[in-house]
Amino acid sequence: MAERQFCTGALKVMRPTVRPDSALPHWTLMNVGGGYVGGDRYAIDLRLGPGSHAVLDGQAATKIFRSEGTHALQRTEIRMGSGSHLVLRPQALIAYRGARYVQETTVTMASDSRLVSREIVTAGWSPDGQHFAFDSVRLRLRANLTSGNPLLIDNLLLEPRMLDPRSPLVLGDHTHLGTLVVISAGRIPQVAAVREICAAASEPDLRFGVGGIAGRTLVVRCLGNSTQSVERGLHAVESFCHSAD
């Protein structure tokens with residue numbers, strides 16, 4: 001149950017629902033403006049009380065339109081109380097030609113709380129069908145304990161003019177990048193077990209990378225050529241992590 005909810009500007013939160021495939025209440029974030037443009041500033045403040053559980057997802061793809069001047073910015077602050085469980089599951093990010101976007105997410109967690117975060121970045125959109133025509137996309141996730149001790153810093157930066165995302169050092173011959181982060185106290189599957197799940201869920205165009213700190217954090221990268229295939233790959237890993245909880 002939400003104790004307090006407040007929205008202003010283009011971001012709105014729809015009433016929570018409980019879906020047949022999940023016992024967690026789903027809150028859906030909606031951008032009634034249709035997308036982000038240069039100079040936009042969005043702030044999300046989310047606080048989970050002790051023992052609370054929630055899924056925050058998106059109604060539609062996150063669209064970043066052309067930026068004539070400065071970048072668009074979304075800053076999210078999350079505080080998680082003892083025993084809380086949060087799943088962040090936004091729709092795929094689509095950056096249009098000339099778009100500049102920065103997303104900063106800071107999570108402060110109790111030692112026994114649990115965070116699952118999923119992001120998918122696409123090759124974007126341009127009138128001529130060119131891939132990676134945007135100027136820059138930066139996604140930064142920082143998670144700390146309430147004591148101040150750091151748990152994870154994940155920083156993704158795509159700047160096609162500086163380094164072609166199709167380079168073997170970045171995405172290679174793939175157009176989509178998915179990231180799944182799981183942070184929990186002693187309830188993280190072993191990396192070797194997750195790699196087996198990735199191998200079982202793999203499709204011809206998917207490539208996985210798995211890493212983390214035993215018993216505390218897990219990071220999975222997934223490269224693919226469609227939003228749907230990357231979603232399927234990450235969903236298989238996420239489902240396995242939930243079943244191992």
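The values are calculated or read from the model by the stated rules, or taken from the named source; none is laboratory data. All values derive from a computational prediction rather than experimental measurement. Quick reminder, even Gly has a Cβ in these numbers, built from the backbone with ideal geometry, and neighbours come from all protein chains shown.
Observations, loosely collected:
- Of the criteria (1) in contact with a Gly (Cβ under 6 Å, 6 or more places away or on another chain); (2) at pLDDT 95 or above; (3) charged (D, E, K, R), which one Glu68 fails: (2)
- Within the stretch 131-162, the set of residues being of a type in the set (A, V, I, L, M), in a strand (DSSP E or B) and closer than 20 Å to Ala72 by Cα comprises Val137, Leu139, Leu141, Leu156, Leu157, Leu158.
- Any hit, the stretch 173-188, residues being closer than 27 Å to Ser22 by Cβ, buried (at least 16 other Cβ atoms within 10 Å of the Cβ) and charged (D, E, K, R): no
- Contacts under 9 angstrom Cβ, first residue in the stretch 33-61 being crowded, with 17+ Cβ neighbours inside 10 Å, partner part of a loop (DSSP other than H, G, I, E, B) and of a type in the set (D, E, K, R), 6 or more apart: Val37/Arg66; Val37/Glu68; Gly38/Arg66; Gly38/Glu68; Val55/Arg19
- Against the numbered list (1) at pLDDT 95 or above; (2) surrounded by 15 or more Cβ atoms within 10 Å (Cβ to Cβ); (3) over 28 Å from Val37 (Cα atoms), Ser136 comes up short only at (3).
- Just so you know, in the stretch 215-244 the residues that are closer than 14 Å to Ala200 by Cβ and touching a Gly at 6+ places or on another chain (Cβ under 6 Å) include one that is surrounded by the fewest Cβ atoms within 10 Å (Cβ to Cβ), and it is Leu234.
- Residue list for the stretch 139-164, filter: of a type in the set (A, V, I, L, M) and surrounded by 15 or more Cβ atoms within 10 Å (Cβ to Cβ): Leu139, Leu141, Ala143, Leu145, Leu151, Leu152, Leu156, Leu158
- Applying a threshold of 8 Å to beta carbon distances and a minimum spacing of six or more residues, or different chains, the list of pairs starting in the stretch 144-166 at a residue that is under 14 Å from Tyr101 (Cβ atoms) and ending at one that is charged (D, E, K, R) and assigned to a loop (DSSP other than H, G, I, E, B) reads Glu159/Asp135; Pro160/Asp135.
- Filter result for Leu234 (in contact (Cβ under 8 Å) with a residue 24 or more places away in the chain and within 17 Å of Leu156 (Cα to Cα)): no
- Some residue of the stretch 113-130 being surrounded by fewer than 21 Cβ atoms within 10 Å (Cβ to Cβ), at pLDDT 95 or above, closer than 23 Å to Thr217 by Cβ and among the basic types (Lys, Arg): no
- In this structure, Glu196 qualifies as modelled with pLDDT of 95 or more, outside any strand (DSSP E or B) and not aliphatic (A, V, I, L, M).
- Positions within the stretch 68-95 being under 16 Å from Arg138 (Cβ atoms) and not β-branched (Val, Ile, Thr), in sequence order: His71, Ala72, Leu73, Gln74, Arg75, Pro90, Leu93, Ala95
- Counting residues in the stretch 215-227 that are in a helix (DSSP H, G or I) and under 16 Å from the mean Cα position of the chain (by Cα) gives one or more.
- Among the candidates Ser82, Ser22, Ser67, residue that is loosely packed, with under 14 Cβ neighbours inside 10 Å and among the polar types (S, T, N, Q): Ser22
- Within the span defined as the stretch 171-183, every residue fails to be part of a loop (DSSP other than H, G, I, E, B), at pLDDT below 95, more than 17 Å from the chain's Cα centre (by Cα) and not charged (D, E, K, R).
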